[in-house]
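**Student:** Here's a structure for you.
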Amino acid sequence: MRNARVWRALLGVEKMVVEGISDEDDGRVLVARVRPSRGALHRCGVCQRCCPGYDAGEGRRRWRSLDAGTVQVFLEADAPRVSCPRHGVVVAHVPWARHGAGHTLAFDDTVAWLVTQCSKTAATELMRIAWRTVGAIITRVWADVEALGDRLDGLRRIGIDEISYKRGHKYLTIVVDHDSGRLLWAAPGRDKATLGKFFDLLGEQRCAAITHVSADQADWIADVVTERCGQAVQCADPFHIVKWGTDALDEVRRQAWNDARKKTGQTTSNGRGRRDSTGNAKKLKNSRYALWKNPEDLTDKQQQKLEWIAKTDPRLHRAYLLKEGLRWVFYVKGYAGKHALDRWLSWARRCRIPAFVDLARRIARVRHRIDAALEHGLSNALVESMNTKIRLITRIAFGFKSPEALIALAMLSLGGHRPALPGRN
Ligand SMILES: [Zn+2]
């Protein structure tokens with residue numbers, strides 16, 4: 001065929017012979033009839049080993065390629081089967097696509113690059129594919145990256161966490177690297193067997209090199225770490241401990257709000273009393289963010305709300321100060337942090353707010369692990385930002401069929417293996 005070299009360059013595939021080009025659908029679709037070049041023929045689709053041919057399979061097949069300008073491009077070729085000694089009868093390998101894929105390698109890689117760079121809508125509209133197809137594509141792209149291995153070499157300090165998805169009905173266990181700030185590994189489930197798989201992958205030698213493990217204070221995590229990484233110092237994740245404080249504060253806030261509402265019921269006969277306490281209930285309900293946010297991030301309005309709480313509900317305000325005190329512990333870290341935690345514990349034990357008295361007890365139980373975190377200064381910001389980013393990804397990934405696609409998206413985005421665009425160095 002004339003200009004075969006130009007077409008091969010345009011289609012971006014080596015080891016391929018272009019037999020002919022035709023257009024369909026009023027020129028909106030271009031079909032390139034191709035075949036693997038001689039060296040790429042008769043190979044197993046899975047392992048790419050040379051194998052004896054088996055049969056013609058299901059005849060001609062098409063693969064979606066990158067668009068040429070505004071025109072959709074497909075490659076069309078025979079899809080014969082070969083007989084591999086290891087993988088049995090399988091469809092033969094083609095040099096332009098992953099095994100079993102309906103899109104070319106360049107198409108797959110472009111989609112993988114796009115989803116880590118821009119919005120869901122931008123990726124699906126530009127590539128003219130469904131979000132589910134994106135899920136299937138990034139799953140196979142990630143599988144290829146994963147097969148290269150060695151992602152887990154040289155690990156010293158790791159963090160383990162669980163992330164909920166599907167509106168809190170399902171969980172992922174994730175492992176992050178405190179030193180590189182990367183997401184290392186993720187798997188569906190939150191139990192000993194799931195986490196055990198990570199340590200299996202790591203192997204005994206690399207497990208023995210781990211010096212610190214930070215985690216949410218779930219027993220199942222601590223048990224597995226003790227068993228598999230006995231020498232590592234176990235630290236509490238400051239992020240989760242601070243969250244315990246925020247949760248306790250929220251309990252106090254809800255209670256204050258309920259009390260204010262009940263008051264409304266009791267004073268129905270008194271019009272004025274009713275208006276006042278209804279206003280209070282509403283104000284308390286809307287005070288959530290003022291109480292949650294770090295003081296340095298408060299807006300003027302939220303600052304005013306906080307001052308109003310200090311005047312009208314001293315108990316809720318004390319709960320707020322307790323939460324802030326706990327955050328301070330991890331802000332100062334080190335010896336100062338340990339000292340601050342001592343004072344915090346004695347304050348919380350005597351505060352007569354049940355949620356915080358309970359919290360003091362809970363914290364005292366894992367005190368040794370909190371001290372370890374304060375001593376070793378493990379970054380709270382890393383775990384917190386990783387947690388936020390993954391939760392955002394779980395929301396974006398909602399339309400994917402499988403947790404593997406969610407994991408692929410998380411790993412490609414946060415694992416330090418951002419896919420490259422095809423044809424670039
Ligand atoms: Zn094979």
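The values are calculated or read from the model by the stated rules, or taken from the named source; none is laboratory data. Just so it is clear, the model here is predicted, and its values are computed rather than measured. Glycine also receives a Cβ, built like all others from the backbone with ideal geometry; neighbour counts cover every protein chain displayed. Just the protein is used for accessible areas: all its heavy atoms, side chains included, with ligands, DNA and RNA removed. Shrake-Rupley method; radii C 1.70, N 1.55, O 1.52, S 1.80 Å.
**Student:** Computed over the Cα atoms, what is the radius of gyration of the stretch 146-234 divided by 2.2 N^0.38 Å, N being its residue count?
**Tutor:** Rg over 2.2 N^0.38 Å, computed on Cα atoms: 1.03.
**Student:** Compute the helix-to-body angle for 271-285: its Cα long axis versus the longest principal axis of the chain, expressed 0 to 90° and rounded to tens.
**Tutor:** Between helix and principal axis, roughly 40 degrees.
**Student:** How big is the accessible area of residue 359 in square angstrom, nearest 10, if you roll a 1.4 angstrom probe over the protein chains?
**Tutor:** For residue 359, solvent-accessible area is about 10 Å².
**Student:** How far, in degrees from 0 to 90, does helix 105-115 lean away from the longest principal axis of the Cα atoms of the chain, to the nearest 10?
**Tutor:** The angle comes out near 20 degrees.
**Student:** I would also like to ask the following. Would you list 119, 83 from the most to the least accessible area, probe 1.4 Å?
**Tutor:** 119, 83
**Student:** Could you rank 417, 42, 103 by how accessible they are, 1.4 Å probe, largest area first?
**Tutor:** 42, 417, 103
**Student:** Moving on to the next point. For residue 285 and residue 9, compute 0.36 nm times the residue count separating them, minus their Cα-Cα distance, and round to one decimal in nm.
**Tutor:** So the chain would gain 93.1 nm between residue 285 and residue 9.
**Student:** Would you tell me the accessible area of residue 50, worked out with a 1.4 angstrom probe on the heavy atoms of the protein chains, in Å² to the nearest 10?
**Tutor:** For residue 50, solvent-accessible area is about 90 Å².
**Student:** Quick one: helix 300-312 against the long Cα principal axis of the chain, what's the angle to the nearest 10°, folded into 0 to 90?
**Tutor:** 40
**Student:** Just the accessible area for residue 33, please: 1.4 Å probe, Å², rounded to the nearest 10?
**Tutor:** Taking all protein chains as shown, residue 33 has close to 80 Å².
**Student:** So, one more: Rank 104, 222, 9 by how far each Cα sits towards the positive end of the charge dipole of the chain (+1 on Lys, Arg Cβ; -1 on Asp, Glu Cβ) and give me just the farthest.
**Tutor:** 222
**Student:** Size of the dipole of the chain about the Cα centre, Lys and Arg at +1 and Asp and Glu at -1 on the beta carbon, nothing else charged, in debye to 20?
**Tutor:** Here the size comes out at about 1700 debye.
**Student:** Ignoring GluC sites (Glu not before Pro) that are buried or in helix or strand per DSSP, and keeping those with at most 15 other beta carbon atoms within 10 Å, what is the longest stretch of the chain between them?
**Tutor:** Free of exposed loop sites, the longest segment is 59-425.
**Student:** At a 1.4 Å probe radius, which order do 120, 263 fall into by accessible area, largest first?
**Tutor:** Descending accessible area places them as 263, 120.
**Student:** Determine the relative contact order of the stretch 200-353: mean sequence separation of Cα pairs under 8 Å and six or more apart, normalised by residue count, in whole percent.
**Tutor:** After rounding, I find 17 percent.
**Student:** Kindly provide the helix-only [θ] at 222 nm of the chain, computed as the sum of -39,500 (n - 2.57) over DSSP H runs of four or more divided by all residues, to the nearest 500 deg cm²/dmol?
**Tutor:** Using -39500 (n - 2.57) per qualifying helix, the result is -16500 deg cm²/dmol.
**Student:** Treating only the Cβ atoms of Lys and Arg (+1) and Asp and Glu (-1) as charged, compute the dipole magnitude of the stretch 108-222 about its Cα centre; round to the nearest 20 debye.
**Tutor:** 440
**Student:** Now for a different question. Only four residue types carry charge here, +1 at the Cβ of Lys and Arg and -1 at the Cβ of Asp and Glu. Report the dipole size of the stretch 191-251 about the Cα centre in Debye, rounded to the nearest 20.
**Tutor:** That gives a dipole near 360 debye.
**Student:** Counting only protein heavy atoms, what percent of the accessible surface of the stretch 67-179 is carbon or sulfur at a 1.4 Å probe?
**Tutor:** Exposed carbon and sulfur together represent 50 percent of the surface.
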